[in-house]
Each structure stands twice: as C-alpha cells, then as structure tokens.
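Reviewing the structure listed below.
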Amino acid sequence: MEFNERTIKIIIDESKCEGCTTHACVDACKTFSRGILELKDGKVCANGSAEELERKGTECLACEYECWFRGNGAITIEAPIEGLDAYRQRHGTN
Ligand code: SF4
C-alpha cells in the first residue's frame, strides 16, 4: 500500500505486517498526527481518499520511526528534496 501526503510518499510493505503484534504505526499516527493509519480486520490501512490523505497528512514521519523500532520495518517514506541531485553533482557526492 502507498499514499501521498503533500511532499512525501508513504510506502507500507504489507507482507512485513504479517505477525506484527504491536501495530505501532497506528498508535504513532494517532498520537503524533491525525490518525490516518487504522486497523481494519487486523490489518493496517490508510483511512480516506487520496485527496483526503494528502490534505490531512502532517508529514510527521512517526509511523516509519515506530515501525522501525517496534514493528517489523515495513514502512518506507520517500521525502524528495528539490535540488538535492543537482547539489550532489556539483559537489561530487553522488
Ligand atoms: S508497525 Fe509496521 S509492521 Fe506493524 S502493522 Fe504497522 S506497518 Fe505493519
């Protein structure tokens, strides 16, 4: 599953959620953001249309952090930084 917030993309590898007992991402989303992530039939899901998720997401990154430490490392967040590729090329850090 994946969805976008304003400037980031949240990617959840649901195959890694099998056997997760903490569902830490859901708690983190409720605690630090607006509760976009929910449990439905024991599985994590994002609640809302693509437009709603993009509008409601606070880009707090808490789900990724909590999944990394208390879940199964299923969440990846892509946060593109405008101009980073050009900067790296200019400074030889590619
Ligand atoms: S904490 Fe991670 S592994 Fe557990 S349900 Fe959430 S995304 Fe899946």
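The values are calculated or read from the model by the stated rules, or taken from the named source; none is laboratory data. No experiment lies behind these values; they were computed from the predicted model shown. No Cβ is skipped: glycine too gets one built from the backbone with ideal geometry, and neighbour counts run over all protein chains shown. The protein model used for the area step is the full one, side chains on, heavy atoms only, and it has no ligands, DNA or RNA in it. Shrake-Rupley method; radii C 1.70, N 1.55, O 1.52, S 1.80 Å.
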Residues of segment 48-89 with backbone nitrogen within less than 17 Å of a virtual label 7 Å along the Cα-to-Cβ line of residue 6, please, listed as ranges. 51-62, 78-82
How about residue 16: which aspartates and glutamates have a C-alpha closer than 16 Å to its C-alpha, ignoring those fewer than 8 places off in the same chain? 2, 64, 66
What dipole magnitude, in Debye to the nearest 20, does the chain give about its Cα centre under +1 on Lys/Arg Cβ and -1 on Asp/Glu Cβ? 220
Check cross-link reach from residue 30 to the lysines: straight Cα distance under 20 Å, and skip same-chain residues fewer than eight apart. 9, 40, 43, 56
Mean accessible surface per residue for segment 2-91, computed with a 1.4 Å probe while every protein chain stays in place, in Å²: 68
Gyration tensor over alpha-carbon atoms, the chain, equivalent ellipsoid semi-axes in Å: 27, 16, 11
Full-stretch length increase - residue 88, residue 30 - with 0.36 nm per residue and alpha-carbon distance subtracted: 17.2 nm
